[in-house]
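Notes to accompany the following structure.
The values are calculated or read from the model by the stated rules, or taken from the named source; none is laboratory data. What you see is a predicted model, and the numbers here were worked out from it, not measured in a lab. So basically every Cβ, Gly included, is an ideal-geometry build from the backbone, and we count neighbours across all protein chains shown. All accessible areas refer to the heavy atoms of the entire protein, side chains included, with ligands and DNA or RNA removed. Shrake-Rupley method; radii C 1.70, N 1.55, O 1.52, S 1.80 Å.
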Amino acid sequence: MFGYSFHWRTVWQEIPQLAEGAIVTLQIAVFSMLIGITLAVLLAVARRNEGSIASRLASVWIEVARNTPCLLQIYLAYFGLGALGINISSYAAVLGAIAFNNAGYLAEILRGGFNSISQTQYAAAHSLGMNSFRVYSYVVLPQVFRVTFRPIMNQSMWALLNTSLGMVIGLKELTGATQFAQSRSFRTFEFFLVAAAMYYVIAKIILGLAALVQWRFLKGGR
Amino acid sequence: MIEIKNLQKSFGQHHVIKGIDLTIDKGEVLCLIGGSGSGKSTMLQCINGLHSIDDGKVLVDEIDVFDKATDLNKLREKIGIVFQQYNAFPHLSAIENVALSPRVVKGMKRKDTLDLAAKHLEHVGLGDKLNHYPSQLSGGQQQRLAIARALAMEPEYMLFDEVTSALDPELVGEVLDTMRMLKDEGMTMIIVTHEIPFAREASDRVAFFDQGKICEIGDARQVINDPRELRTRQFLERVLH
Ligand SMILES: Nc1ncnc2c1ncn2[C@@H]1O[C@H](COP(=O)(O)OP(=O)(O)O)[C@@H](O)[C@H]1O
Ligand SMILES: [Mg+2]
């Protein structure tokens, strides 16, 4: 077919390398989401206090994260910090940059969630003797995560795909590992088909984890 | 005892509470009536510090609500409040709504809070709705849930802000009955309401609010059957017809 004959043996031999890359990819996608969500909650809460310094800093973060390419953010984390004498591994640079990027997008998603919750929920919770931390932890955030669950999942798929940018600074995540392996055998098509299938499986794993979180923590109610 | 002394409150340029003096004794039921915008809700929310004030004092059992040293969260444990808008926590079932604060504020054990919550829900007639979510409850049931949730903190005072105003007429009775039951149990209550017959029969005193001031206050029957002030009379004629 089209004069291309598939050779799967070479790919099969390199599967352990690809699997290692896949694990790096899964790790960065999951950790960058966990860090990103934590930071996004802080950013979104800071932003609600309009006019404060925290709110302005949060706005700058969100603007920069959302309006510059993720690739550039990875370069800045790796080479930019390097130029300042702060040398971090390519793994840390990719994880940090994608977490930074996630935080910006997620903060914007959470903002919509916060806006959907009426002031009377805060008043009711405070009047029961809860301090602000408890009001957010037990009343506001659980509702915010319920209404924003789908957009958060979309963002986690973007985070997964963005990990492939790690290749440009030499990280052997799934794309980087595939690129390296195929360059020795030139079975490009086979290698990238296998990599694509692996991305698909990783995406399903992440969605499965999310379904688990949803079932355990976000069941019931609206 | 709740003591309000020369309370003043503005929202920006808008002077809403213009010097209110009021004392509510332990065990008393006071109904507040008056036109919309006269400042009833604002005053109520000053009592548990949900609003700041510009001048005057609010003392609850001699604790100054607006003293910087006062632990507002602690104080709020003894003042329950129920609002006009339904505000059950939609992500929690009825029993979880009621159990939440005893657990996270008072630090009670989960099992004990569930028993406590079930007891209070049964008390307001929702014993068969423990695992229902607020979206599965009628307006009247949601308001009774809100009452049970406040009662679970074992408050010494209960404040009600037009809790029947958003209800369909056929659901008003069940919520009024719940408040009557609390009166019979000796709860100290301040009730903002438009239900004039209820105010007359269920409260000890009635205060008529007009433009940020108490225009008239006295024995419930006297104020409603035989008001001294012209403004009170005009208001009652308007709402009773
Ligand atoms: N958060 C607020 N910000 C600005 N104005 C307010 C706020 N709450 C109430 N007001 C104004 O204060 C006045 C009194 O309101 P309120 O206490 O709700 O009256 P009532 O409960 O008697 O109807 C109204 O004119 C209202 O518009
Ligand atoms: Mg009101």
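Anisotropy class assigned to the range B:35-151 is oblate, per the alpha carbon gyration tensor with a/c at or over the 1.5 cut-off and a/b no larger than b/c.
What FRET efficiency would be calculated for the residue pair residue A:2, residue A:168, taking the C-beta separation as r and a Förster radius of 30 Å, to the nearest 0.05?
0.50
Proximity of backbone amide H atoms, modeled 1.01 Å from N, is registered between residue B:84 and B:161 at under 5 Å, excluding neighbours fewer than 5 places apart on the same chain. Residues of the range A:199-221 that lose at least 40 Å² of accessible area (1.4 Å probe, protein heavy atoms only) when the other protein chains are present, relative to their chain alone, are A:221.
Here the Gaussian network model covers chain A, with springs between Cα atoms less than 10 Å apart; of A:40, A:203, A:211, A:211 fluctuates the most. 3J(HN,Hα) along the range A:104-111, derived from phi through the Karplus expression 6.51 cos²θ - 1.76 cosθ + 1.60 where θ = phi - 60°, amounts to x, 5, 5, 4, 5, 4, 5, 4 Hz, with x in place of Gly and Pro.
Accessible surface for the range B:51-113, divided over its residues, is 46 Å² per residue with a 1.4 Å probe.
Which percentage, to the nearest 5, of the DSSP beta bridges contained in chain B is antiparallel? In chain B, approximately 55 percent of DSSP beta bridges are antiparallel ones. In a DSSP loop and with at most 12 other Cβ atoms within 10 Å, there are no chymotrypsin sites (Phe, Trp or Tyr not before Pro) in the range B:1-109. Antiparallel beta bridges, as assigned by DSSP with both residues in the protein assembly as shown, represent about 55 percent of the total such bridges. Annotation: for a label point projected 7 angstrom from Cα along Cα→Cβ of residue B:204, residues of the range B:147-175 with backbone N closer than 17 Å are B:156-160. Buried between A and B is an accessible area of approximately 1800 Å², summed over both sides with a 1.4 Å probe. In the range B:64-80, burial by the other protein chains removes 10 Å² or more of 1.4 Å probe accessible surface, compared with the chain on its own, from B:73, B:76. Only one residue of A:125, A:191, A:110 has its Cα farthest out toward the positive end of the dipole of the range A:8-217, where Lys and Arg carry +1 and Asp and Glu -1 on Cβ, and that residue is A:125.
Bridgeable aspartates and glutamates around residue B:5 (alpha carbons under 15 Å apart, same-chain partners fewer than 8 residues away excluded): B:21, B:25, B:54, B:55, B:61, B:62, B:64, B:67.
Just going by the charge dipole of the protein assembly as shown, with Lys and Arg at +1 and Asp and Glu at -1 on Cβ, which of A:41, B:208, B:230 is farthest out on the positive end? So the residue we want is A:41. For the range B:139-241, the fraction of 1.4 Å probe accessible surface lying on carbon and sulfur atoms is 43 percent. Scalar couplings 3J(HN,Hα) for the range B:231-241, obtained by applying the Karplus form with A = 6.51, B = -1.76, C = 1.60 to θ = phi - 60°, are 4, 5, 4, 4, 4, 5, 4, 5, 7, 8, 10 Hz; x denotes Gly and Pro. Computed from the C-beta positions of residue B:62 and residue A:133, the FRET efficiency with R₀ = 22 Å rounds to 0.15.
Converting phi to 3J(HN,Hα) with the Karplus coefficients 6.51, -1.76 and 1.60 and the offset θ = phi - 60°, the range B:138-146 yields 6, x, x, 5, 5, 5, 5, 4, 4 Hz in sequence order, with x at every glycine or proline. Compared with its chain on its own, the range A:106-129 contains the following residues whose accessible area drops by 10 Å² or more in the full protein assembly (probe 1.4 Å; ligands, DNA and RNA excluded): A:120, A:121, A:123, A:124, A:126, A:127, A:128, A:129. Here each label is just a point 7 Å from Cα along the line to Cβ, and for residue A:196 and residue A:23 those points are 2.7 nm apart.
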